[in-house]
Structures are given as structure tokens and as C-alpha cells.
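Below: the structure, in C-alpha cells.
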Amino acid sequence: AVEFQGQISVNNVQADLKNGVIIEAGVGIAFGDVCIGVIGDGSRLDVTLVGSTVFTASQLEALCRPYRSRILTTADVLKACTTQDLACRKIGIVSLPTPTEIYEVTQSDGPALRTFKNATTDTLAEALFAPSQHECIQRLKVLKAKADKARVRDGTVEHILGVLTNNSMATIKKIGNSATSLPELPFQPQIGTSSPKNASNTRPTSFPSLTGA
């Protein structure tokens, strides 16, 4: 997937020089068992894959667009991956349908954006684990200001910040005494959940409700 996105970047540079078409693509990667089969009749046959793993990969691919991410994957994939130096960051937990840790692979981003994301991985995790919505917004605003100063666009930060500050956030509901559910947000920031050490790499001890995800 990283090589695929790298080749797209190379092609886009050439296309830009020739006023050609710029291509963007999102890749969702999941790990697990799938069922493969052939469907159709004598006039047309198709090979198809079904199963929860296929559904998860499809959902991740669809979420690449709003988050301006090139590659989204899960903790299970990273654990099974043999590449030890793969640059990635945890950006939330989403219901697929069970709570699943979501990671953005930054390896294929441009040098400046990749450097910025890698340098602010823990800062983003701390923002998502902020004790309140207000503090989460403030920390994300600081991150966005840093991105603007570095002249890069961090789509994940911009998207979450945009949803949190939207006027329609009256639908936010308190779940228990600590967690907040954000029905409009595909990824669920861990607002109100205690932030463990190295939050970007550690599974939280409890999940907020993921209703509406």
C-alpha cells in the first residue's frame, strides 16, 4: 500500500507539470479471516470476498476521504506487520461494529507532512484523551496552528476539530460520568477518558459509548 501511494505521488508530480489529472486514493487495510467464492452463471462469473474483515477494510477506505488519509489500518494489522520501522500514528477508536483502534500510516505522506505528523503523534493522542470537549478543541487548535506554521495540512486534526466546533454539536450526550459520545464523528475522540502513558501506543482501559458510529 505504501509503494502504491508512493507511485501515485510520483505520477501526480508528472501530471502537475503537464497540467494533467491529479489522482488521490485511499487504502483501508484489515487483518482476519475471509470467505472467498465464485458467484454468477454461465454468462458471467465473479470472484467475491465476504466477511467482517472485508467490511472493516471497506469502512476504513471510505473514512480516508474525510480524514485526508492515504492509508488507514488497525492495531491487528500493525501487530502482524513485519516492517518494524513503519511510520504511523493512532488517531482514534471507531465502531466496526466493535470498538477498533484506528491507525494512520504516514509512511507515504510527503516529507514535510510526514515529519510533522510523526513529531506530533503524542500531542494528538493527548488531545483525543483530553478530560473535556473544550480542552480537546483547544489542544487541536494548537496542533492546527503548528501545522499552519509548518505550512502543511493535517487532515485528521482539521476534520475532528471541524466536527467538534460545528454548531450541530447539541447532539453530544454524556455517557456515564466520564465519556462523551460523538454520533456525527466517524472516529471517536476519547474525550473524558484518562490518558495513559504513551497514549498513541496504549489501549485505553475503557471505551466510551460508540452509538451512531
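List the residues whose amide H sits under 5 Å from the amide H of Ile71, counting only those 5 or more places along or on another chain, with H placed 1.01 Å from N in the peptide plane.
For Ile71, whose amide H was placed from the backbone, the distant partners under 5 Å are Val27, Val105.
Tell me, what ³J(HN,Hα) does each residue in segment 46-59 have, in order and in whole Hz, if you take phi through Karplus 6.51 cos²θ - 1.76 cosθ + 1.60 with θ = phi - 60° and put x for Gly and Pro?
Running phi through 6.51 cos²θ - 1.76 cosθ + 1.60 with θ = phi - 60° gives 10, 9, 9, 10, 9, x, 5, 5, 5, 4, 4, 4, 5, 5 Hz.
Through the Karplus equation 6.51 cos²θ - 1.76 cosθ + 1.60, θ set to phi - 60°, convert the phi angles of segment 30-44 into ³J(HN,Hα) values in whole Hz; use x for Gly and Pro.
3J(HN,Hα) across segment 30-44, in whole Hz: 10, 10, x, 7, 9, 9, 10, x, 10, 10, x, 9, x, 8, 7.
Rounded, prolate or oblate: which one fits segment 94-146, using the alpha carbon gyration tensor with axes a ≥ b ≥ c (rounded when a/c is under 1.5, else prolate when a/b beats b/c, else oblate)?
Oblate shape, in that a/c is at least 1.5 and b/c is the bigger or equal ratio.
For the cross-link pairs Lys90/Lys144; Lys117/Lys144; Lys79/Lys146; Lys18/Lys149, which exceed 19 Å when the distance is taken from alpha carbon to alpha carbon?
Cα-Cα > 19 Å for Lys79/Lys146; Lys18/Lys149; rest within.
Could you tell me which of rounded, prolate or oblate describes segment 10-107, using a ≥ b ≥ c as the square roots of the eigenvalues of the alpha-carbon gyration tensor, with rounded for a/c under 1.5 and, failing that, prolate when a/b is larger than b/c and oblate otherwise?
Oblate shape, in that a/c is at least 1.5 and b/c is the bigger or equal ratio.
Which whole-Hz ³J(HN,Hα) couplings does segment 106-122 yield from phi under the Karplus relation 6.51 cos²θ - 1.76 cosθ + 1.60, θ = phi - 60°, glycine and proline marked x?
With the stated coefficients, segment 106-122 comes to 9, 4, 9, 5, x, x, 5, 5, 4, 4, 5, 5, 5, 6, 10, 4, 5 Hz.
No lab work stands behind these numbers, since they all come straight from the coordinates. All values reported here derive from a predicted model rather than from experimental measurement.
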